[in-house]
Amino acid sequence: MGAFKAILAIIGVAAILVGGLWTLQGLDIVRWPASSFMLGDTVWTRNGIVLAVVGIFLVWFARKR
């Protein structure tokens with residue numbers, strides 16, 4: 001069970017990071033890559049927030065006893 005929780009934690013952290021990037025691109029704060037279709041699109045802001053929340057839940061679940 002320890003390996004499963006470690007994998008969940010790694011996936012959760014990755015989801016938080018990617019979700020944060022998507023959110024910042026959707027808000028047009030991070031303009032990388034410069035030709036990204038995600039820049040300034042509120043759909044990607046929403047998708048990023050949802051993914052980050054799922055990542056937070058995964059990390060929380062992995063650390064729970």
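List of remarks:
- With R₀ set to 30 Å, the beta-carbon distance separating residue 61 from residue 29 gives a calculated FRET efficiency near 0.55.
- Within the range 49-65: backbone nitrogen closer than 14 Å to the residue 11 label point (7 Å, Cα to C-beta): 54-63
- Across the range 58-65, rounded Karplus estimates of 3J(HN,Hα) from the backbone phi angles (6.51 cos²θ - 1.76 cosθ + 1.60, θ = phi - 60°) give 5, 5, 4, 5, 5, 8, 5, 6 Hz, Gly and Pro being marked x.
- Ranked by the mean number of other Cβ atoms within 10 Å of their residues, highest first, the peptides 29-40, 3-14 come out as 3-14, 29-40.
- Nonlocal amide H pairs with residue 27, under 5 Å, H built at 1.01 Å: 40
- Whole-Å semi-axes of the ellipsoid equivalent to the chain (Cα gyration tensor, √5λ, descending): 28, 10, 6
- When shorter helices are ignored and each DSSP H run of at least 4 residues is given -39500 (n - 2.57), the per-residue value for the chain at 222 nm works out to -25500 deg cm²/dmol.
Read-outs: derived from the displayed coordinates by stated rules, not from any lab. Small disclaimer: the values here were computed from a predicted structure and weren't measured. Because the Cβ atoms are built from the backbone with ideal geometry, glycine has one as well, and the counts that use them run over all protein chains shown.
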